[in-house]
């Protein structure tokens with residue numbers, strides 16, 4: 001059994017003076033013509049095997065001589081050893097192959113995104129005739145041709161949104177046509193084994209439809225166009241990016257309510273606290289008013305949390321990712337925020353969770369069952385029940 005230092009000593013020691021000063025390993029490494037020698041050792045059954053990788057910047061002849069000299073190494077430490085050359089590889093050739101492969105991929109993507117020629121326009125128009133906008137329900141709502149019988153439904157705002165998504169190859173859509181959600185769509189969202197996603201504009205109209213959908217329909221996920229843009233204006237790439245970044249509906253509503261500064265609309269009436277009468281305010285005289293510094297609220301102390309958790313926050317910010325830690329403070333599971341609740345349910349015990357999303361009551365309840373001690377998120381919704389022994393914090397609380 002030998003270690004890396006034994007191998008390094010054998011390589012340098014047994015080749016020293018063998019090929020003269022021009023090809024001496026120490027001199028080549030000092031002048032930068034040899035890079036850092038990489039050694040991997042595997043030990044099994046009392047024997048050690050391994051791999052030596054040496055990056056060089058020499059001529060073919062010098063490289064071949066140097067490779068042959070390494071095969072003369074016959075001892076490593078106190079043990080008998082054998083070194084065999086497996087291969088010589090030209091890194092530049094490998095890089096050229098990667099460049100060619102990547103260039104082909106870029107060219108294909110470019111041809112799909114650039115303005116089409118006359119042949120492509122004719123083909124697109126012909127294809128558009130074959131798949132026209134369908135009608136759904138008694139209200140004759142605009143819908144995609146694949147809506148009927150689909151287990152996944154995408155709700156959009158208007159007919160133009162349906163048409164744009166059809167151009168992007170998405171046909172399982174239906175439009176609400178206004179801020180009032182029709183009954184036919186409400187019934188459609190409550191159909192069993194159906195995954196419902198609302199794809200809304202990034203403006204106030206989208207906010208209003210989101211709030212109403214959450215009150216009257218069963219929506220699983222929310223996708224939004226970039227702020228200030230409408231779904232009908234998005235390119236195929238923007239549509240794919242927005243749908244990939246969809247988040248659970250409860251979290252989307254919580255984000256909206258935090259932005260508006262009001263409690264979530266979905267809070268049950270029986271959970272609301274009774275409103276207390278405010279005592280009549282008496283304005284003190286000028287000479288009785290306390291100094292301004294005494295009327296300021298006390299400064300909120302920052303939450304102190306182990307660096308093993310806080311050091312990963314910058315990594316997941318604005319990525320909609322979630323990290324689940326084990327008892328050794330190591331990441332055991334990494335997933336998207338949309339799958340966090342389902343992933344947590346599948347775990348037996350979860351010591352800590354750090355994720356780029358909104359901490360909702362549902363996540364807190366799941367974390368309590370899994371004996372979670374730390375729950376860190378980007379924002380915090382209206383939490384009615386905080387389990388004892390669980391630290392709940394946001395990125396702002398940690399100064400991130």
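Quick note: the coordinates plus some simple rules give every number you see, no bench work behind them. If you're wondering where the values come from, they're calculated on a predicted model, not measured in any experiment. Cβ placement follows ideal geometry from the backbone for every residue including glycine, while neighbour counts extend to all protein chains displayed.
Descriptive notes on the structure:
- Calculated FRET efficiency for the pair residue 216/residue 243, C-beta based, R₀ 22 Å, to 0.05: 0.45
- Added length on full extension, which subtracts the Cα-Cα distance from 0.36 nm per residue, residue 339 to residue 396: 18.2 nm
- Approximate spin-label separation residue 140-residue 75, in nm, with each point projected 7 Å along Cα-to-Cβ: 9.6
- Available extension along the chain between residue 233 and residue 208 is 7.1 nm, counting 0.36 nm per residue and deducting the alpha carbon span.
- Sites residue 329 and residue 41 - FRET efficiency at Förster radius 25 Å, r taken between beta-carbons, to 0.05: 0.30
- Full extension of the chain between residue 59 and residue 349 gives 98.6 nm of extra length, using 0.36 nm per residue less the Cα-Cα distance.
- Applying 1/(1 + (r/R0)^6) with R0 = 30 Å to the Cβ-Cβ distance of residue 133 and residue 110 gives a FRET efficiency near 0.50.
- Residue exposure sequence - 363, 234, 256 - by fewest surrounding Cβ within 10 Å: 256, 234, 363
- All Cα pairs of segment 307-394, percent lying beyond 18 Å: 33
- Of the residues 155, 65, the one with the fewest other Cβ atoms within 10 Å heads the list, and the complete ranking is 65, 155.
- Cβ-to-Cβ counts within 10 Å put 161, 22, 6 in ascending order as 22, 6, 161, the fewest first.
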